[in-house]
1. Would you pick out the residues in region 401-414 that are free of Cβ contacts under 8 Å to residues at least 40 places away in the same chain, outside any helix (DSSP H, G or I) and of a type outside the set (Asp, Glu)?
2. Of the residues Gly257, Gly248, which is in contact with a helix residue (DSSP H, G or I) (Cβ under 8 Å, 6 or more places away or on another chain), of a type outside the set (Val, Ile, Thr), on the phi > 0 side of the Ramachandran plot and surrounded by fewer than 23 Cβ atoms within 10 Å (Cβ to Cβ)?
3. Could you list, in sequence order, the residues of region 233-278 that are among the aliphatic types (A, V, I, L, M), without any contact (Cβ under 8 Å) to a residue 40 or more places away in the chain and under 22 Å from Gly211 (Cα atoms)?
4. Before we move on, is Gly319 in contact (Cβ under 8 Å) with a residue 60 or more places away in the chain and crowded, with 24+ Cβ neighbours inside 10 Å?
5. Quick one: count up the residues across region 345-392 that are part of a helix (DSSP H, G or I) and more than 20 Å from Ile121 (Cβ to Cβ).
6. Say whether the condition of being of a type in the set (Asp, Glu) and buried (at least 16 other Cβ atoms within 10 Å of the Cβ) is met by at least one residue in region 19-38.
7. Can you say whether Ala277 is in the same structural domain as Thr119 (by TED's automatic domain parsing), surrounded by 21 or more Cβ atoms within 10 Å (Cβ to Cβ) and either modelled with pLDDT of 95 or more or on the phi < 0 side of the Ramachandran plot (or both), as far as the supplied structure shows?
8. Which one of Cys234, Cys286 is in contact with a strand residue (DSSP E or B) (Cβ under 7 Å, 6 or more places away or on another chain) and either surrounded by fewer than 24 Cβ atoms within 10 Å (Cβ to Cβ) or of a type outside the set (A, V, I, L, M) (or both)?
Amino acid sequence: MTTSPRTISGTLMLPSSDPGSVRLMRGTLTLKDGRIESIAEGDPDASADLGGGGTLVIPGLVDAHMHLPQYDSIGIDGMTLLEWLDRAIFPAECAWADADHAGDMASRVARSLLSFGTTSICAYATVHHEGTKNAIDAISSAGIRAMVGQVLMDRNAPPELCVPAAALVKQAAALTEWTRALSAQSGDRWRVEHSVNPRFAISCTPELLHGAGQLARTLNAPMQTHISENRAECAMIAQLFGGRSYTGVYEDAGLLGPRSILAHGVWLTPEEHATLASTRSIIAHCPTANSFLQSGDCDTGALRRVAIPVAVGSDIAGGTDRSMVRVARAMIETSKRVRERSSDAANRIVSPAEAWWNITTGNANAIGWRATSRLAPGVEADILIVRPDIPWANAPDPLGTLLYAWDDRWLERTLTMGEERWRRPGL
């Protein structure tokens, strides 16, 4: 479908010449057919279709790790990971046995995510095949770019959430083929792919892990799981797998590679770093969840120094913030704590310019979505139109002011593929 060009004017958040950071520049975007056609530098254009003086124009935010069925479970406090899963999360996920409920909830979650400026997600559904299918359809209908996976579990969970390994692998294959068929039919307008999602090695038998690994390799499908989030979890892995390291368990199953996103990575050893680096596997850093569940602080600087790709996720509901801007702020605070404890001069604090990069273009790059969440000609027009109510433009560090003073009420519009998907009430 061909659409007429439209323009958005204001202060643009653009990639910086300094790798891994952003800069601000006044200018105007021209959009056509769901993509950014051109960028012109200069004062805000009063005749632009959207924006104008005082407007900040940001790429859509990317959440590299979150759980759709946990959205209503934010803030269930006072527990660490394994107890929290048993008492708070598994009961919530059981509700997705009702496929209609799953689809309705995913639609509601999508609207909420858009209201916080999140336009792309890497997400988990539940073990329920039809519920996952309905959730994928709902996320696609909302215009969000996503990878969403049916959760794979066959042990160490409530019986109603455990499914035999062979059946799960078959269902995951069917969902992968289904999403690819819809993508072929719909072209650019279908932006959701199914990922292979063994929850974590504790809840998967070796048979299921190896089946998931073979499926991901055979179909060249993305893979999402968790790794080394909590010390008790790591100890349980050693008991279940004869002392093998967490990373070694996944390596044995063929689950590591450049399309593999492993959440947390708090307690990885240097030997595990080497394995992840050699396979180009991605760590999704979840600072708010690591704090809320008392898991520890991930040293992302150590990961990056050995060339492990790092993305950033909310980990809803372990993470308590729906806004990726506040997750980015937590990433900075985590780097401060790690730096304070470290004697390694190479450890440094993440800057606001880097944090903004991480939750937009940096996350998209790590995941492999190089056609979205950046302001550049030819890419998908996933764009946020923001109007701050403070004098930020002349601040000593405008990017820092915007990050730390951020107010979700500043967000006026969220666009995906150039189409307005959310607008602040009253506009």
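1. Residue satisfying the conditions is Ala405 alone.
2. So the residue among Gly257, Gly248 that is in contact with a helix residue (DSSP H, G or I) (Cβ under 8 Å, 6 or more places away or on another chain), of a type outside the set (Val, Ile, Thr), on the phi > 0 side of the Ramachandran plot and surrounded by fewer than 23 Cβ atoms within 10 Å (Cβ to Cβ) is Gly257.
3. Residues satisfying the conditions are Ile237, Ala238, Leu240, Leu256, Leu262, Leu276.
4. It is true that Gly319 is in contact (Cβ under 8 Å) with a residue 60 or more places away in the chain and crowded, with 24+ Cβ neighbours inside 10 Å.
5. Final tally of qualifying residues: 3.
6. yes
7. So Ala277 fails the test.
8. Within the list Cys234, Cys286, the selection yields Cys286.
The values are calculated or read from the model by the stated rules, or taken from the named source; none is laboratory data. Computed from a predicted structure; not experimentally measured. FYI the Cβ positions are ideal-geometry reconstructions off the backbone, even for glycines, and counts take in every protein chain you see.
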